[in-house]
């Protein structure tokens, strides 16, 4: 699923709201629902662009490490099953 707005744009929207623009006006001007604004504020509130990039990198690394752990656990389980059958 392609995201409509980049993290940099979202952080820019949040800064506009912090500068005094009302949420309704901001949403109308940029064409997104208020629910999205509050979801973004919960996720990106107080972040800078570099923080958002670092968060994306950490999430990607975390996903990769979780996949490696799952594969390792699967391999261990297969080895245990083979050893049980041999004895």
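The values are calculated or read from the model by the stated rules, or taken from the named source; none is laboratory data. Quantities reported herein were computed from a predicted structural model and do not represent experimental measurements. Cβ placement follows ideal geometry from the backbone for every residue including glycine, while neighbour counts extend to all protein chains displayed.
The one condition from (1) surrounded by 10 or more Cβ atoms within 10 Å (Cβ to Cβ); (2) in a helix (DSSP H, G or I); (3) in the same structural domain as residue 10 (by TED's automatic domain parsing) that residue 32 does not meet is (2). Would you check if there is a residue in the range 4-13 being more than 23 Å from the chain's Cα centre (by Cα), in a helix (DSSP H, G or I) and surrounded by 10 or more Cβ atoms within 10 Å (Cβ to Cβ)? No, the conditions are met nowhere in the range 4-13.
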